[in-house]
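Enquirer: Supplied in structure tokens, the structure appears directly below.
The values are calculated or read from the model by the stated rules, or taken from the named source; none is laboratory data. As the structure is a prediction and not an experimental result, all values here were calculated from the model. Using ideal geometry, Cβ is built from the backbone for each residue, glycine included, and neighbour counts are taken over all protein chains shown.
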Amino acid sequence: MKKFLYPILVVALVLTCLTACGEKKGNNFNQATNGAETTPTTEPKKGSDLYHDCGGEVVLCDYSKLTKPAEYPGVSDEELEKEYLSQIAEALADYPNYVRDESRDGTEIKEGDVVNIDYVGKLDGEAFAGGSDEEFDLEIGSGTFIEDFENGLIGKTVGTTVDVDCKFPDDYHSEDLAGKAVTFTITINYVGQKKDEADDEYIRRLSRGTYQSGEDYKKELRSMMEESAKKEYEDNLYEEVLKDMIENSEFKTILDEDVAFYENDMKAYYESYAAYYGMDVKEFVTEVGFSSYDAFLAKCHDDAVQYVKEYMVLEAIAAKEGITVTPEIFNERVEGYMASASMTDKEAFIEEYSNEYLNYCILNDLALELLVENAKKN
């Protein structure tokens, strides 16, 4: 896990140095672009442009006394039940629970019936990929399947197995099947009657047998919720410890030019996106969540001050502790950065970001890790 957020985002996004400074969480570019590609045409910054050595003076607090945030106490029965019911309600909305209507056994299928079926599709006598399923609920006439399939079941008897000859439309999305004649062997298990609640049989069918009952799924759900809470705790641990360090340290001087470096970088980032979408930056920032351009500028300034404080604190810790980046550490960390950025050419990566800048990132990561290790001991 990489902890030093600012350089990590540079590596991962290969854009400019910016974490999201929107008033809404994340950069909601799709809101402004209707899901269009969100990569600006501007070239990414080079390592020499990314590196900025902050000055100023900071008096560090006693970081040996830092404490870690309280860990998540675990999932209560009430939390589990609430999440379970929420998931079941969502599942029922998307996949209604149809139970067997015994009064329809042996009757003929008609349009509008929801039939539970097993089926196998064959092309030239051989089963084809994606053409088979079991215990599938199909509403006849819904257009869920190709027309020949659904129409071919009308008038067939519940509880029987039938062969239905079908022809895929010429414009079918799969080129292998478009315009082809196939035969489906279909077992009509029953006609379904909608049930509003989720019983154990519904859980079994919905999970394809992974869970045999609601209680089975609750056990797995508890495990997943606890795992998610632990991950969230770890993700927030570094941020919270650094935040405490900054709040308890004394910043005697913060240089205006340092703040301006990051402030201008953030503004340039949004300006590049605004230009990409053919918008004025003042209009663009309101489209992605800011109440006004002045609010955007204020947030850029506040974030820039925070970045400068982070760098000042971590650099001071690295100097105090005599932390150095050995060739072995450099290679290991760079490979980690590359993996997070899904990049494989190490030489090109280092050339892009420069040894100087990468060393700078790694040194700050090491200092932050030291802070967290101290906090974990207390």
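Enquirer: Going by the conditions given, is ASP118 assigned to a strand (DSSP E or B) and more than 27 Å from ALA198 (Cβ to Cβ)?
Expert: The answer is no for ASP118.
Here is a yes/no grid of residues against (1) in a helix (DSSP H, G or I); (2) under 22 Å from SER207 (Cα atoms); (3) in contact (Cβ under 8 Å) with a residue 12 or more places away in the chain:
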position: PRO73; (1), (2), (3): no, no, no
position: LYS82; (1), (2), (3): yes, yes, no
position: LEU85; (1), (2), (3): yes, yes, no
position: ILE88; (1), (2), (3): yes, yes, yes
position: LEU92; (1), (2), (3): yes, yes, yes
position: LYS110; (1), (2), (3): no, no, yes
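Every residue, every condition in (1) in contact (Cβ under 8 Å) with a residue 24 or more places away in the chain; (2) farther than 30 Å from ALA178 by Cα; (3) in contact with a Gly (Cβ under 7 Å, 6 or more places away or on another chain), yes or no:
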site: SER76; (1), (2), (3): no, yes, no
site: GLU79; (1), (2), (3): yes, yes, no
site: PHE128; (1), (2), (3): yes, no, yes
site: LEU138; (1), (2), (3): yes, no, no
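Enquirer: Right, something else. Applying the selection to region 344-369, what residues are surrounded by fewer than 16 Cβ atoms within 10 Å (Cβ to Cβ) and either of a type outside the set (D, E, K, R) or on the phi > 0 side of the Ramachandran plot (or both)?
Expert: Those that are surrounded by fewer than 16 Cβ atoms within 10 Å (Cβ to Cβ) and either of a type outside the set (D, E, K, R) or on the phi > 0 side of the Ramachandran plot (or both): THR344, ALA348, ASN355.
Enquirer: Would you please name the residue that is farthest from ASP302 (Cα to Cα), looking only at residues in region 259-291 that are small (Gly, Ala, Ser) and part of a helix (DSSP H, G or I)?
Expert: By that ranking, first place goes to ALA275.
Enquirer: Looking at GLY179, GLY192 in this structure, which one is in contact (Cβ under 8 Å) with a residue 60 or more places away in the chain, more than 30 Å from PRO73 (Cβ to Cβ) and assigned by TED's automatic domain parsing to the domain that holds ASP113?
Expert: GLY192
Enquirer: Of the numbered conditions (1) within 28 Å of LYS68 (Cβ to Cβ); (2) over 28 Å from the mean Cα position of the chain (by Cα), ALA339 satisfies every one except a single condition; which is it?
Expert: Unmet for ALA339, out of (1) within 28 Å of LYS68 (Cβ to Cβ); (2) over 28 Å from the mean Cα position of the chain (by Cα): (2).
Enquirer: So GLY336 clears everything in (1) assigned to a loop (DSSP other than H, G, I, E, B); (2) touching a residue at least 40 places away in the same chain (Cβ under 8 Å) except one condition, right? Which one?
Expert: The single condition GLY336 does not satisfy is (1).
Enquirer: Checking the structure you have, find out if any residue of region 192-209 is acidic (Asp, Glu) and part of a helix (DSSP H, G or I).
Expert: yes
Enquirer: Given (1) over 30 Å from LYS252 (Cα atoms); (2) in a helix (DSSP H, G or I), identify the lone condition not met by THR344.
Expert: Failing condition for THR344: (2).
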